[in-house]
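The values are calculated or read from the model by the stated rules, or taken from the named source; none is laboratory data. Computed from a predicted structure; not experimentally measured. So basically every Cβ, Gly included, is an ideal-geometry build from the backbone, and we count neighbours across all protein chains shown. What goes into the accessible areas is simple: the full protein's heavy atoms, side chains included, and nothing from ligands, DNA or RNA. Shrake-Rupley method; radii C 1.70, N 1.55, O 1.52, S 1.80 Å.
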Amino acid sequence: DLRELAQASQRPVNAALLSVWAQSGDAHWQRTLTRLAPAACAQLTALSDTQVKSLLRRVDRDITARAEELVKPDEAVVRKQAERRLLKSLKRWLGDLNDEQRDRVARWSAERELTYAAWLDQRRLWRSHWAEVLARRHSSAFCTQAQALFAHSAQSSGGGALFTRYDGNRAGWLMFLVQVSATLNSAQRQHLRLELLDLAEDFESLAAKAAI
């Protein structure tokens, strides 16, 4: 998939194609979880109560840090930070951006709906479910429950209204990528192609090691 994406990135793409690639990425994530599940389950089952508490404290610290970064500052600060993160990400994948592309990033960051607070609420609920599942780690149903929680964390946490908001942001994000794709010059397309091919090689190497 990544090699196909690298080839297709050499010309402007449309939202339908990007949506297909996004769905392929989701499917790949599900397959990866399925392959990793047996080994991860064995390790999690062997955790002591002290180790479980330590694991959950790390989740709590991450939620607290995310709240400090994404929710507590003023909205203008949060949006500006998000703009900087997006610029940094695009620079990695595309190389240097031109003024038009930077303007598009600024508009997207200023206009998109912020769902960070709701996302953190979902993370807290997911953490609660994870604690309950870990407490049953010696039961026969543990592996199935743990895999389901990681594979469908949003569904496991509930919140259909939040899905609608995420879907709206995702649609806007895809349109943003379509617009940026149309502005890429030859050097940026080549930069993107090489980054995607490097990523493909990394995944292929991991798959080869897992098969041994």
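Is it fair to say Lys80 is open to solvent by 90 Å² or more (accessible area, probe 1.4 Å), free of Cβ contacts under 8 Å to residues at least 24 places away in the same chain and under 28 Å from Tyr116 (Cα atoms)?
When the stated conditions are applied, Lys80 does not pass them.
So, in the stretch 36-60, exactly how many residues are under 28 Å from Leu206 (Cβ atoms) and either surrounded by fewer than 14 Cβ atoms within 10 Å (Cβ to Cβ) or without any contact (Cβ under 8 Å) to a residue 12 or more places away in the chain (or both)?
9
Scan the stretch 1-27 and report the pairs whose first residue is within 17 Å of Leu94 (Cβ to Cβ) and whose second residue is of a type in the set (Gly, Ala, Ser) and in a helix (DSSP H, G or I), with Cβ atoms within less than 6 Å and a gap of 6+ or a chain change.
Leu2/Ala200; Pro12/Ser181; Pro12/Ala182; Val13/Ser181
Of all residues in the stretch 87-113, which are closer than 19 Å to Ser9 by Cα, among the polar types (S, T, N, Q) and either in a helix (DSSP H, G or I) or touching a strand residue (DSSP E or B) at 6+ places or on another chain (Cβ under 8 Å) (or both)?
Ser89, Gln101
Taking Thr32 as the residue in question, decide whether it is open to solvent by less than 40 Å² (accessible area, probe 1.4 Å) and of a type in the set (Val, Ile, Thr).
Yes.
How many residues does the stretch 107-142 contain that are open to solvent by less than 60 Å² (accessible area, probe 1.4 Å), more than 15 Å from Asp62 (Cβ to Cβ) and of a type in the set (A, V, I, L, M, F, W, C)?
8
Among Ala76, Ala65, which is small (Gly, Ala, Ser) and farther than 29 Å from Glu195 by Cβ?
Result: Ala76 is the single residue among Ala76, Ala65 that is small (Gly, Ala, Ser) and farther than 29 Å from Glu195 by Cβ.
Which condition from (1) open to solvent by 70 Å² or more (accessible area, probe 1.4 Å); (2) closer than 29 Å to Leu125 by Cα is the one that Leu70 breaks?
(1) is the only condition that Leu70 fails.
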